[in-house]
1. If I model a spin label as a point 7 Å beyond the Cα along the Cα-Cβ vector, how far apart are those points for residue 51 and residue 20 in nm?
2. Ignoring solvent entirely, what values of log10 I(q)/I(0) come out of the Debye formula for the chain at 0.15, 0.17, 0.19 Å⁻¹ when each Cα is a single scatterer?
3. How do 95, 15 rank when sorted from fewest to most other Cβ atoms within 10 Å of their own Cβ?
4. Once fully extended, how much extra length lies between residue 91 and residue 71, figured as 0.36 nm per residue of separation less the alpha-carbon to alpha-carbon distance?
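Each reported figure results from applying straightforward, stated rules to the coordinates on display, with no laboratory input. Just so it is clear, the structure is predicted and the values come from calculations on it, not from any experiment. Because the Cβ atoms are built from the backbone with ideal geometry, glycine has one as well, and the counts that use them run over all protein chains shown.
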């Protein structure tokens, strides 16, 4: 699992039939200091995340383990919206 911030949306009018009805979001990867790493991933949204929210996402075969993405051709899925995190007893992010 990795941390990211939803940077935007992606719309695709033509896609595999198994991906019909899926919401795609562009996620900027971030580190535990809440800083952008400069890379992006397109992920299926399984939890109703919105632009600007910090999320946890999974990629690879793990991305196909949610109820929404099971047995679908998906390589990244947002599976949680982050409320808070701390590292070494220091709060690094609060929603």
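1. 2.8 nm
2. Evaluating at q = 0.15, 0.17, 0.19 Å⁻¹ gives log10 I(q)/I(0) of -0.56, -0.70, -0.85.
3. Least to most surrounded, the residues fall as 95, 15.
4. Going from the current span to full extension adds 3.5 nm.
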